[in-house]
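Enquirer: Pasting in a structure now, in structure tokens, and then I'll have a few things to ask.
The values are calculated or read from the model by the stated rules, or taken from the named source; none is laboratory data. Just so we're clear, the structure is a prediction, and the values are computed from it rather than from any experiment. Methodologically, a virtual Cβ is constructed for each residue, glycine included, from the backbone with ideal geometry; neighbour enumeration extends over all protein chains shown. When the accessible area is computed, the model is the full protein with side chains, heavy atoms only, and any ligands, DNA or RNA have been set aside. Shrake-Rupley method; radii C 1.70, N 1.55, O 1.52, S 1.80 Å.
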Amino acid sequence: MEGFSLVPHTADIGLAISGATWEEFFLNAARGLLEVYGASSATGDSAGRAAVVLEAPTPEDLLVDWINELIFVVSSERWLPTDIRVKEAGPSVLRAQAEGPRLDARLAREVKAATYHGLRVGKKSGLWTATVILDI
Amino acid sequence: MSHRVRKIDAWRFEIPKTGGMLVPGLVYASERMIPKIEQERVAEQIENSAHLPGVVDAVLAMPDCHWGYGMPIGGVAAMDVDQGVISPGAVGYDISCGVRLVRSDLKAEAVKARVEKLMDALDARVASGVGKGGPLRVGKDEMGRVLSRGARWAVEKGFGDREDLEAAEEEGRVPGADPDAVSRRAQERGSDQVGTLGSGNHFLELQEVEEVFDPGIGAVFGLFPGQLVVLLHTGSRGLGYQVCSDSLSVMQGAVGRYGIRLPDRQLACAPLGSPEGRAYFGAMAAAANYALANRQVITHFIRESFMRGLDISPRDLGMRLVYDVSHNLARMETHGGRRLCVHRKGATRAFPAGHPDVPAMYRGVGQPVLVPGSMGTFSYVLVGTGLAMTETFGSVCHGAGRTMSRSQALKQTSGHQLLKDLNAKGIAVRTEGLRGLAEEAPAAYKDVSEVVDVCERAGLARKVARMKPLGVLKG
């Protein structure tokens, strides 16, 4: 089980995410984002690190905040969050440590942000699932 | 045609007011375009947008409309200033994404042999590509001036001429900007991107004016057949994206506080007069000024590249700004005696002759409306009409509009093949990645000529000139 897949959208890209636990769900969201960037296999010495602590009223807000946090790291601090350790995760709280190599290769595309459009986090066949539209 | 869409005439289709919609929807399209518009859920997004409090008359969609998020791309919604809301999702992430046309005194024919050299010079001077930074670093204090002064900041810093501002809306500065409403993160994200093109559908094209449909208006805009011009499409870069993200997060809470009910959270909004609404307006206007500064700095780089690439003096070059349009923006405007906040998301303002907001040099004919085609196809200059003022809050289309997803485009076109095809058409291409090139393949877009024809036949705009590309710089 991959835990994420890319879904076609006319102008943007949909990212379908699933996970048996909240930890796995948020980890797969991060892995999916790297796939959209075309940077899944990026390696290198650690060049950036961030301790992310998020609280949000709903899992949908938490997911958008989490992805936007990682987008900021890539686009502004210019490193790739390839190594993620989720320390605590639930429907309204997320604590994680992100680390990864400097962004020096070309990315496949720019991701502007995660959107709330049609976003719903739900449980399907025992997995937490959601499809988030990323603005490209 | 489903029950959702009712034909009014050959170019107008109504989406009747149902459920919680406060106004109907009105789509400008040909009958041929309607099935795709319905299939793509544009109708649903128009219906959702019609729930925004204070929306007046109708939510509009231009012929280049397509599925976005929140309001569809190609959408226009106007809210009453006293009763209405402002919605970041009805503006989009790339705040003041826009188009700038720069003219020259040169004939395209005279430089055809040197197009490759010119493209190399442009490629070397204008940074392009995903998240790329440019040669400028804008510190915190300087950023405040960029955000409040827009293109005026750039000209004051030596990036361009005073004349460039005379041909720009509001002399290159969007009023109402509040730099303090722009988060530290947003400012950081934009600190090295002034003067950069970016990626995705952003581009810079060297073009030849192929046909001037209205020589009188063409002359006022400084355009003539066979002329070499440059068309630039970019926006507020990472700074604008971050402003939208930050504001949407704030608006999610505001919706509950003001008792607003919406079918799509991406449309989250706040009353125009509320602290949240005012903060977003100030930050959005500041991001728009960043976009105007960005396009002005690139204009300066274009001039430098031409002088270097062609070894020519500024006088012989005769390069000046024709116009600069923002097609993702909410603006305070007066329509039919009402003060409205007009949200345009992938739609271009098109004020006609006589409108006080049209720069003096164009007031006799109306503002130039710049409509870029998809890569390697035609682009158009239009002029707005009085009918557009009464029907569409003075708005028309913004481009070709996507019709195919990126993955579909990648399946159907290879970057190598597309590069070959463009070269075979005599178009010089400079790009950072062939994958990005394929995602933006012309086949992934509607036919811009058809989009423009619908606008003209519906009476919203008139064609002034058509340009064809000679060179493309794409991020």
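Enquirer: Under the condition of being open to solvent by 20 Å² or more (accessible area, probe 1.4 Å) and assigned to a loop (DSSP other than H, G, I, E, B), which residue from region B:134-149 is nearest to the other protein chains (Cβ to nearest Cβ)?
Expert: So the residue we want is B:137.
Enquirer: Here is a further query. Are any residues in region B:38-54 open to solvent by 10 Å² or more (accessible area, probe 1.4 Å) and under 18 Å from residue B:17 (Cα atoms), and if so, which ones?
Expert: Scanning region B:38-54 gives B:38, B:41, B:44, B:47, B:48, B:51, B:53, B:54.
Matching residues to (1) among the polar types (S, T, N, Q); (2) within 14 Å of chain A (Cβ to nearest Cβ); (3) under 26 Å from residue B:289 (Cα atoms):
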{"site": "B:16", "(1), (2), (3)": "no, no, no"}
{"site": "B:22", "(1), (2), (3)": "no, no, no"}
{"site": "B:38", "(1), (2), (3)": "no, yes, no"}
{"site": "B:56", "(1), (2), (3)": "no, no, no"}
{"site": "B:59", "(1), (2), (3)": "no, no, no"}
{"site": "B:68", "(1), (2), (3)": "no, yes, yes"}
{"site": "B:99", "(1), (2), (3)": "no, no, yes"}
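Enquirer: OK, next. What's the number of the only condition in (1) β-branched (Val, Ile, Thr); (2) under 12 Å from the mean Cα position of the chain (by Cα); (3) open to solvent by 20 Å² or more (accessible area, probe 1.4 Å) that residue A:43 fails to meet?
Expert: That leaves (2) as the condition not met.
Enquirer: Looking at B:312, B:298 in this structure, which one is open to solvent by 10 Å² or more (accessible area, probe 1.4 Å), in contact with a strand residue (DSSP E or B) (Cβ under 9 Å, 6 or more places away or on another chain) and either free of Cβ contacts under 8 Å to residues at least 12 places away in the same chain or more than 30 Å from residue B:51 (Cα to Cα) (or both)?
Expert: B:312
Enquirer: Restricting to region B:217-242, and then to whatever is open to solvent by 10 Å² or more (accessible area, probe 1.4 Å) and farther than 23 Å from residue B:151 by Cβ, can you tell me which residue is nearest to the other protein chains (Cβ to nearest Cβ)?
Expert: B:217
Enquirer: May I pose another question? Give the residues of region B:276-295 that are within 16 Å of residue B:192 (Cα to Cα) and open to solvent by 10 Å² or more (accessible area, probe 1.4 Å), sorted by residue number. Give the derivation first.
Expert: In the first step, residues of region B:276-295 are kept if they are within 16 Å of residue B:192 (Cα to Cα); the result is B:287, B:289-295.
Of everything in region B:276-295, just one residue is within 16 Å of residue B:192 (Cα to Cα) and open to solvent by 10 Å² or more (accessible area, probe 1.4 Å), namely B:292.
Enquirer: List the pairs whose first member sits in region B:243-262 and is facing another protein chain (nearest Cβ under 10 Å), whose second member is in a helix (DSSP H, G or I), and whose Cβ atoms are under 6 Å apart, counting only residues at least 6 apart or on separate chains?
Expert: Note: pairs meeting the criteria are B:244/B:88; B:245/A:68; B:248/B:88.
Enquirer: Suppose the filter is over 16 Å from the mean Cα position of the chain (by Cα), away from chain A (no Cβ under 11 Å) and not in a loop (DSSP other than H, G, I, E, B); does residue B:115 pass it?
Expert: Against the criterion (over 16 Å from the mean Cα position of the chain (by Cα), away from chain A (no Cβ under 11 Å) and not in a loop (DSSP other than H, G, I, E, B)), residue B:115 qualifies.
Enquirer: Is it fair to say residue B:174 is part of a helix (DSSP H, G or I), modelled with pLDDT of 95 or more and within 22 Å of the chain's Cα centre (by Cα)?
Expert: no
Enquirer: Scan the helices (runs of 4 or more DSSP H) fully inside region B:370-475 and keep the ones with 3 or more residues being modelled with pLDDT of 90 or more.
Expert: Per the criteria, B:386-391, B:415-424, B:448-457.
Enquirer: Condition first: within 18 Å of residue B:65 (Cα to Cα) and either surrounded by fewer than 17 Cβ atoms within 10 Å (Cβ to Cβ) or among the charged types (D, E, K, R) (or both). Now tell me which residues in region B:415-443 satisfy that.
Expert: B:440, B:443
Enquirer: On to the next question. Just the residues that are away from every other protein chain (no Cβ under 14 Å), buried (at least 18 other Cβ atoms within 10 Å of the Cβ) and small (Gly, Ala, Ser), please, taken from region B:118-133.
Expert: Result: B:121, single match.
Enquirer: Go through region B:218-240 residue by residue and tally those that are assigned to a helix (DSSP H, G or I), among the hydrophobic types (A, V, I, L, M, F, W, C) and in contact with a helix residue (DSSP H, G or I) (Cβ under 9 Å, 6 or more places away or on another chain).
Expert: Qualifying residue count, region B:218-240: 3.
Enquirer: Which one of these is open to solvent by 20 Å² or more (accessible area, probe 1.4 Å), within 14 Å of another protein chain (Cβ to nearest Cβ) and in contact with an Asp or Glu (Cβ under 7 Å, 6 or more places away or on another chain): B:468, B:446?
Expert: Answer to the check: B:446.
Enquirer: For residue A:34, indicate whether it is surrounded by 20 or more Cβ atoms within 10 Å (Cβ to Cβ) and more than 10 Å from every other protein chain (Cβ to nearest Cβ).
Expert: The answer is yes for residue A:34.
Enquirer: To continue, here is another question. When residue B:53 is evaluated against the numbered criteria (1) touching a residue at least 40 places away in the same chain (Cβ under 8 Å); (2) in contact with a strand residue (DSSP E or B) (Cβ under 6 Å, 6 or more places away or on another chain); (3) part of a strand (DSSP E or B), which criterion, by number, is the only one it fails?
Expert: (3)
Enquirer: Any residue at all in region A:76-90 that is assigned to a helix (DSSP H, G or I), out of contact with any Ser or Thr (no Cβ under 6 Å at 6 or more places or on another chain) and modelled with pLDDT under 95?
Expert: yes
Enquirer: Any residue in region A:26-41 that is under 24 Å from residue A:91 (Cα atoms) sitting within a Cβ distance under 6 Å of a residue that is of a type in the set (Gly, Ala, Ser)? List the pairs, counting only those 6 or more apart or interchain.
Expert: Partner pairs satisfying both residue conditions: A:26/A:89; A:28/A:3; A:28/A:19; A:34/A:40.
Enquirer: Kindly check whether there is at least one residue in region B:202-216 that is open to solvent by 10 Å² or more (accessible area, probe 1.4 Å) and in a helix (DSSP H, G or I).
Expert: Within region B:202-216 (the criterion being open to solvent by 10 Å² or more (accessible area, probe 1.4 Å) and in a helix (DSSP H, G or I)), the answer is yes, since at least one residue qualifies.
Enquirer: Exactly one condition in (1) touching a helix residue (DSSP H, G or I) at 6+ places or on another chain (Cβ under 7 Å); (2) within 7 Å of another protein chain (Cβ to nearest Cβ); (3) not polar (S, T, N, Q) is false for residue A:90; which is it?
Expert: (2)
Enquirer: Can you name every residue in region A:62-72 that is free of Cβ contacts under 8 Å to residues at least 40 places away in the same chain and either open to solvent by 10 Å² or more (accessible area, probe 1.4 Å) or small (Gly, Ala, Ser) (or both)?
Expert: A:65, A:69
Enquirer: If you don't mind, there's one more thing I want to ask. Can you pull out the residues in region B:185-198 that are part of a loop (DSSP other than H, G, I, E, B), open to solvent by 10 Å² or more (accessible area, probe 1.4 Å) and at the interface with chain A (Cβ under 9 Å from one of its Cβ atoms)?
Expert: B:191
Enquirer: Now a separate question. As an exercise: evaluate residue A:79 against (1) touching a strand residue (DSSP E or B) at 6+ places or on another chain (Cβ under 9 Å); (2) open to solvent by less than 20 Å² (accessible area, probe 1.4 Å); (3) over 15 Å from residue A:22 (Cα atoms); (4) at the interface with another protein chain (Cβ under 10 Å from one of its Cβ atoms) and give the number of the one condition it does not meet.
Expert: All conditions are met except number (4).
Enquirer: Okay, moving on. Quick one: in region B:82-96, which of the residues that are touching a Ser or Thr at 6+ places or on another chain (Cβ under 6 Å) and within 11 Å of chain A (Cβ to nearest Cβ) is nearest to residue B:255 (Cα to Cα)?
Expert: B:88
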